[in-house]
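To start, the structure under review is shown below, and the notes come after it.
The values are calculated or read from the model by the stated rules, or taken from the named source; none is laboratory data. Keep in mind that what you see is a predicted model, and the values were worked out from it rather than measured. Every residue, glycine among them, receives a Cβ derived from its backbone with ideal geometry; neighbour counts consider all protein chains shown. Just so you know, the surface numbers come from the protein's heavy atoms only, side chains and all, with ligands and any DNA or RNA stripped out. Shrake-Rupley method; radii C 1.70, N 1.55, O 1.52, S 1.80 Å.
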Amino acid sequence: MPIAVDIDVMLAKRKMSVGELAERVGITPANLAVLKNGRAKAVRFATLAALCEVLECQPGDLLRWEAMDAADA
């Protein structure tokens, strides 16, 4: 998928667990894992905003675009 999710990076920088982040954002740890592992098909802006607020970051710190190789297409 050309959108990479870097929630792990921000969790490490903030020394925060997945469980703590999920609780503070107000989503289940399972739903956060789906997003964190890049398996989500969509993310609500409200969820993205809550993640940014809790992690004190910008959306671009959590999501980035990667070009796909011809082998990935």
- Task: Take the Cα coordinates of segment 1-59, assign each an equal point scatterer, and use the Debye formula without solvent to give log10 I(q)/I(0) at q = 0.12 Å⁻¹.
- Result: -0.23
- Please work out how much length the chain gains when fully extended from Arg39 to Glu23, using 0.36 nm per residue of separation minus the C-alpha to C-alpha distance, in nm with one decimal. 3.8 nm
- Protection proxy (average C-beta count within 10 Å per residue), highest first, orders 58-65, 30-37 as 30-37, 58-65
- Query: Percent of accessible area on the chain owned by carbon and sulfur, 1.4 Å probe?
  - Reply: 55
- Query: If you take the charge dipole of segment 18-58 about its Cα centre, with +1 on Lys and Arg Cβ and -1 on Asp and Glu Cβ, which of Ile27, Thr47, Asn37 is farthest toward its positive end?
  - Reply: Asn37
- Cleavage-rule hits (GluC sites (Glu not before Pro)) in the chain: DSSP loop, at most 16 neighbouring Cβ within 10 angstrom: Glu56, Glu66
- Counting Lys and Arg as +1 and Asp and Glu as -1, each charge on the Cβ, what is the dipole of segment 1-43 about the Cα centre in debye, to the nearest 20? 40
- For segment 7-65: accessible area per residue (Å², 1.4 Å): 66
